[in-house]
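What follows is one structure encoded as structure tokens, with my remarks underneath.
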Amino acid sequence: MKTIEARPTTRAVRLRRWPAGTGDSLLRERPESLADYRASWRPDIGFPALEQLADLCDRVGLRGRGGAGFPLATKLRAVGMRARAAGVAPVVVANGDEGEPASAKDRYLLRYRPHLVLDGLTIAAHALEAQRAVVYLADDELAAAVRGRLGGLDGPVPNVVLAPGRYVAGEETAAVRMISEGVPKPTAKPPRPHERGVDGRPTLVANVETLAHLARAVRLGPDVIAAAGTTDEPGVTLLTVVPDVGEACLVEVPFGVRLSELLRFLGVGTEPAPAAVLTGGFFGGFLPRSRWDVPIGHTSMRAADAALGCGSILVIRDGCPVDVAHELLDYFAEENARQCGVCINGTRAMADALGRVAAHQAEVEDPDRLRRWSETLPGRGDCALLDAACRIVSTLFAHTDGALQRHLDQPCATCARGHERRPRTRFAVGLARPSEGER
Ligand code: SF4
């Protein structure tokens, strides 16, 4: 399939599809038109009421695809209940901010499947009787493309809100705050958006891939969704697989495919075998080699103490896990929202200690400091960024076959060799400027 070229500071993602069992694919070679969408997806079957829609989400096991993997049915019911109790119309938000550098699926869907995403947003708006809808994203070209697709919607016409492209701006309370007040920073919880969201109203914040799957479930029906995946987790998911060297891929797979099979299929699982794998992007942590056979899915990966998260998988083939952990912590130290002292200081302290370890200039106390911080800092920030930073450190200790201890014991040949330096992080991927025909 085609390669979507990247912007200068990022790498291309190549579209790949698992060879069997995906059914009707989410992937398209060219951006769909409304006519294409309506011809193939039966928007004519109408809009389910809230309880009917939530039941359908339960039946197809639809969980959020933005990171937390929360059941969509629970969110829908919670927003509906709060709105009814308060006697106000709620707000629905399609969250396409995609702050994770190693993920390109949301931007892909907004560019290539905009009508699928907008249909999902409209379906949610109808079920919740929302009078305001928002598409929240961080790319001005994409914003222009989405604005050009808003005609012909059978529901509230969304306004498009541009986020500043920071890592935490896509966190759901940051999205709500940005839309309401123009400040893209998380807030302490509670309240969560279903309690107090945009302009104080109960708000559904749903990732754009989640909304795409919602539209598929309504337009295709649960039996078609269940034809792919497993009994526990029907359907397919989009993954961005980003090796430190070589080709990054956006791939559609049925739930239940083993991670090791996927890495082999993409040519990044063997020769040389990866030094380490992280699932759930920058948020998920290192996955021990003994669990690389885990079936891909929210529940199966959670059972293996791994995270599917936003579907981003980092594969370290050429680099050193310690150097990568330093890079990710440095990224967190730069990208945190600078409003919780414990996060500002904690991420910087862990990044600096890992930098010393990576450079073979560790202070005697650094290993103990890192271990202590990774155990005591989680849960102390307003959002989960600090938790993610701690998970990188704790899993570096526990899940990388002793990479950190080896680094302390002797010079690291991999680090001595160096790697191609890219701005900010070697794992960033993105989409190219659209061609004339794709606008
Ligand atoms: S935990 Fe960190 S990223 Fe999250 S709100 Fe606090 S300072 Fe910002």
Quiz item: How big is region 321-417 by the Kirkwood estimate over distinct Cα pairs, in Å?
Solution: 13.2 Å
Practice problem: Leaving ligands, DNA and RNA out of it, work out the accessible area of HIS399 with a 1.4 Å probe and give it in Å² to the nearest 10. | Solution: 30 Å²
Quiz item: Just from its helices, what would the mean residue ellipticity at 222 nm be for the chain, if runs of 4 or more DSSP H residues each count -39500 (n - 2.57) and the sum is divided by every residue, rounded to the nearest 500 deg cm²/dmol?
Solution: -12000 deg cm²/dmol
Quiz prompt | Sparsely packed GluC sites (Glu not before Pro) within region 294-383, loop by DSSP, other Cβ within 10 Å at most 15 | solution = GLU363, GLU365
Practice problem: Run the accessible area of the chain with a 1.4 Å probe and give the carbon-and-sulfur part as a rounded percent. | Solution: 49 percent
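So for the chain, averaging the separation of alpha carbon pairs under 8 Å that are six or more residues apart and normalising by length, what relative contact order in percent results?
Taking the mean separation of contacting Cα pairs over the length of the chain, I get 20 percent.
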Quiz prompt | Beta bridges per DSSP with both ends in the chain, % antiparallel, nearest 5 | solution = 40 percent
Quiz prompt | Volume per residue that the Cα convex hull of region 236-316 spans, once the total is divided by residue count, Å³ | solution = 76 Å³
Quiz item: Hey, got a sec? Which GluC sites (Glu not before Pro) in region 16-86 land in a DSSP loop and have at most 12 other Cβ atoms within 10 Å?
Solution: GLU29
Quiz prompt | Debye log10 I(q)/I(0) for region 72-130, one point scatterer per Cα, at q = 0.18 Å⁻¹ | solution = -0.71
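In square nanometres, what is the average projected area of the Cα convex hull of the chain?
The orientation-averaged projected area of the Cα hull of the chain comes to 19.5 nm².
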Self-check item: GLY229 long-range amide H proximity, modeled H, under 5 Å
Solution: GLY235, PHE255
Exercise. For MET350, MET178, MET81, give the ranking by accessible area with the largest first, probe 1.4 Å.
Key: MET81, MET178, MET350
Practice problem: May I ask you to list the aspartates and glutamates whose Cα is less than 12 Å away from that of LYS185, ignoring any residue fewer than eight positions away on the same chain? | Solution: GLU171, GLU172, GLU335, ASP382
Practice problem: Would you mind getting the accessible area per residue of the chain, heavy atoms of the protein chains only, 1.4 Å probe, in Å²? | Solution: 39 Å²
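Give a quick list of trypsin sites (Lys or Arg not before Pro) in region 282-379 that DSSP marks as loop, anything other than H, G, I, E or B, with at most 12 other Cβ atoms within 10 Å.
ARG338
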Quiz prompt | Principal axis dimensions, region 24-226 - Cα atoms, whole angstrom, descending | solution = 43, 37, 29
Quiz item: Which ³J(HN,Hα) values in Hz, rounded to whole numbers, follow from the phi angles of region 300-306 under the Karplus curve 6.51 cos²θ - 1.76 cosθ + 1.60, where θ = phi - 60° and Gly and Pro get x?
Solution: 5, 6, 4, 5, 8, 6, 10
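The values are calculated or read from the model by the stated rules, or taken from the named source; none is laboratory data. Just so it is clear, the model here is predicted, and its values are computed rather than measured. Counting neighbours? That spans all protein chains shown, and the Cβs are built from the backbone with ideal geometry, glycine included. What goes into the accessible areas is simple: the full protein's heavy atoms, side chains included, and nothing from ligands, DNA or RNA. Shrake-Rupley method; radii C 1.70, N 1.55, O 1.52, S 1.80 Å.
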